[in-house]
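Encoded as structure tokens, the structure appears first; notes follow it.
The numbers here are math on the coordinates, done by the rules we state, and not lab data. None of the values given here were measured: they were computed from a predicted structure. FYI the Cβ positions are ideal-geometry reconstructions off the backbone, even for glycines, and counts take in every protein chain you see.
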Amino acid sequence: MIGEFDRSKPDAAAVAVARISPIYTLPNELLAHIFTVGAAWSHKEPILSQSHLDFALLVCTVSRLWRAIAFSSPPLWSRLVFTGSQRAQECCTKVLLPRSGSHPLDIVINCSAQEVQRVLDIALPHSQRWRELSISAWDDEQDFQHVLKPLRDVYVPLLQHVEIKCEEDDGFHGFGAPHRACFVLGAPALNSVRLRGLCMGCGPSLTNLDTLRLDSKTIALEQEQLETAIAASPALRCLQLRLQSFTPSRSSAIKIPSLRNLSLNLRGCHHSKHLLWLFATIFAPALECLELVSLNALDIEVLRTSCQEYPQYSRPHTLKLSSIRAEPSDYDTLLNLFPAIKSLYLLDSPGKPTLSRLTSLKSITYSHDVENMSSDRARNEDPTQWLLKHVKDCHGTLQAMDTVRVARSVIEEFPDLVIAFGAVHPMLIRAHAERKRVREADWQTLRDLVNLVEVADDDDCLRDSWEIDRWTERDESEGPRYHVERRWGY
């Protein structure tokens, strides 16, 4: 009897196997690839806490198997983030560097200008392995040119991307100071440069680039300087500009035949006229996407006038409008300039333009900041009826819409009934409930007529290409800036 009972017990080994998580059945090579991809995704968001645990270290805490796989994966340890803290420095020097082996390195430095010098002393011996370099520094008293001095006589054969940010509104290049470029011994693989608060003459050589960002509210740019940089990069595909001013030369148009993406950011700039004029004068027959950030009604009128003066201006198929503060009629004026667009982005731009004039439009991406709106404003700027009307009007025609992408919060959030004085009349409660029901029915109708995609509020498609910089910019109305580590992203 006892023997029969023993034979009926499940095999212990079989039970153990049955309880093993499916992820532990994956080949080690596939797990290593998953870890590397996960680390890359974790680099996209800002870090708000100094106690943040690096993704590679986090993986090592899960199990002995994962730790062994992580230790044998040099790419997982190849991103060094220096924030000025002793903990971050020790993590980079004692853990990440040794485990990265000979793999190319991505260096991120985010600290005061004085601390940057100490960090470069650690990173420079490994400059032959640099693949990406991002430096964000702040210090009102420090000579930033002196800080970058160690980068002058350096040869970086693998370096592909450089980002140098001076996080001071006044910049670091004093009037009359000589220009001293970085990496004068050569950076043959360099193809992407982003400069903030640093003039073109003090950064790396702007040759053979496919991406160039010049970002500063305090530095002026002359057309001749821009043309020189463009001529040195015949394959330039992405150009992003935010400048204090742009000095045009009306002798000729600026030809960028390879340009695919152009972004003009007027946020914080007080002399935007010439920057908008620049777009109208650019000859870019291959331009696919135009991004305009922080325009108001006056800026839109300037752009309209410039395009009338230069009727051969580029007409992209994708238009991204971010933080546009204007009336619906101004939006219509803006869209009239680009009647052939197929994809329209309205990001934190609550206007509701007349979409019927865009006969080629197939896709709309819409978001606005629901959390920071009052209930009345949220109700007034609710895009449900506006989107539904356009989709219905076009349904079954050659202009029928394909896709509508909306931030999930826009769909889910509905203004609560505000109780101002005592009890609310039952009629008001019923009316509020009816509006909510109708709104939900409208969204369902949209789903039936078009491919409606609910997008997470933090999705990249709902961000303009400049948003990551806003974490460290100072708003005078909000007091002193706060510093966080920013992720490297393209």
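3J(HN,Hα) along region 194-200: 10, 10, 10, x, 10, 6, 4 Hz, from the Karplus curve 6.51 cos²θ - 1.76 cosθ + 1.60 with θ = phi - 60°, whole Hz, x for Gly and Pro. Each of the peptides 149-158, 256-265 was scored by the mean count of other Cβ atoms within 10 Å over its residues; in descending order, highest first, they stand as 256-265, 149-158. Which FRET efficiency value, to the nearest 0.05, is calculated for ASP402 and ASP459 with the Förster distance at 22 angstrom and r the Cβ-Cβ distance? Result of the calculation: an efficiency of 0.75. Cross-linked pairs LYS149/LYS320; LYS255/LYS389; LYS165/LYS273; LYS352/LYS436; LYS320/LYS389: Cα-Cα separations exceed 30 Å for LYS149/LYS320; LYS255/LYS389.
One chain, two ends: VAL438 and ASP332. Fully extended at 0.36 nm per residue, the span grows by 35.4 nm beyond their Cα-Cα distance.
Summarising the amide proton neighbourhood of ILE282: residues at separation of 5 or more, or on other chains, whose placed amide H is nearer than 5 Å comprise ILE254.
Each peptide in 113-119, 334-340 was scored by the mean count of other Cβ atoms within 10 Å over its residues; highest first, the order is 113-119, 334-340. Amide H contacts of VAL455: VAL406, ALA407, ARG408, each under 5 Å away and 5 or more positions distant or on a separate chain (H built 1.01 Å from N in the peptide plane; Pro and chain starts excluded). Note on region 65-160: Cα-Cα pairs beyond 21 Å make up 33% of the total pair count. Packing-based ranking of 392-405, 68-81 yields 68-81, 392-405, ordered from highest to lowest mean Cβ neighbour count within 10 Å. Less than 5 angstrom separates the built amide H of SER134 from those of ILE107, VAL108, ILE109, GLU163, all sequence-distant by 5 or more or on a different chain.
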